[in-house]
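This report concerns only the one structure given below.
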Amino acid sequence: MDSKALKLSSFGVAAAVASFVFVPVTAWAGPTVSVPDFKNQVGRLSWWSPRVSRQLADALSNELALAGGLTVVERQNLKAVLSEQELAELGIVRNDGNAARSRQMRGAQYLIMGRVSGYEDGVETKQSGSGMRFMGFGGSKTVSESKAYVSIDLRVVDSSTGEVVGARTVEGRATSTAKQKGSGGSLAPLAGLVGGATGARGAGAYGLAAAGTFSYEESSSESNRTPAAKAIRAALIDGADYVNCLLVIRDGCLASYQQQESIRRSNTRDVLQLD
């Protein structure tokens, strides 16, 4: 399977797992929100598709519900909800008080508009190694590290007025690492040294020659790669916590997010050398 398929499939797995998370939410416990499909502002991403756009919206909906205090109304699978209401109205399902009823759907007070504004592999790479050998024996170690950049933008929009009541940009780097170890040795240097020092002849020389043929090598490798889906999921969790702070917790945590935003803007501005 190629890297494109692996990345796309990782989004599918992430969304599938998310859809089975049980979220105990008290009815109408807090402000109601809904999440439209995500937008891609990066351009050509090998793993992007309309399906991924919907999966990201589903993932953010789950994280918003799990953050606590918010009521997330379903919009991604609206056809399924309407179908259940139609079954009840047509009398196909028993109306025992638990059947779905039409004209009872909760409206969303806020829309959480999201877009992927940046994703790039290999923005930072680092490699280091060490090794040592003595008398034919030793080992080596190599460690490499690669970082991917991810950025998402979220806007919280009042559905009645269209006013943007909050905005959050999440920027971060996801780290992938690889380690390689090797060790080995040979008796050839030692056999040569002994033979030269003792002037071995006959059977002794043959024995040293035979010992000099002994050698061994062993190696191991280990890699830890952060999937694109997991990196973006981490950004979505941060975004969901911000929305919960803005609409539910309010003043108690906004100062912390404002400080983070000030640092983020400063760090981002510093990468560009202005003329």
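Quick note: the coordinates plus some simple rules give every number you see, no bench work behind them. Since this is a predicted model, take the numbers as computed values, not measurements. Please note: Cβ atoms are built from the backbone with ideal geometry, for glycine as well, and neighbour counts cover all protein chains shown.
Tabulated data for the structure shown
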quantity: Whole-Hz ³J(HN,Hα) from phi, Karplus 6.51 cos²θ - 1.76 cosθ + 1.60, for segment 58-68, glycine and proline x; calculated: 4, 5, 5, 4, 5, 5, 5, 5, 6, 5, x
quantity: Computed over segment 126-275: relative contact order in percent, which uses C-alpha pairs under 8 Å that are six or more apart; calculated: 22
quantity: From phi via Karplus (6.51, -1.76, 1.60), per-residue ³J(HN,Hα) for segment 263-272 in Hz, x at Gly/Pro; calculated: 5, 4, 5, 5, 5, 5, 4, 5, 6, 9
quantity: Highest to lowest packing among 115-121, 248-254, scored as the average C-beta count within 10 Å; calculated: 115-121, 248-254
quantity: Rough spin-label spacing in nm, given labels placed 7 Å along Cα→Cβ, for residue 179 and residue 203; calculated: 4.8
quantity: Under 5 Å, built H, 5+ apart or other chain: amide partners of residue 137; calculated: 186
quantity: Calculated from backbone phi, Karplus (6.51, -1.76, 1.60) coupling profile of segment 143-149 in Hz, x at Gly/Pro; calculated: 10, 10, 9, 10, 10, 10, 9
quantity: Ordering of 55-63, 192-200, 267-275 by packing [mean C-beta count within 10 Å, highest first]; calculated: 55-63, 192-200, 267-275
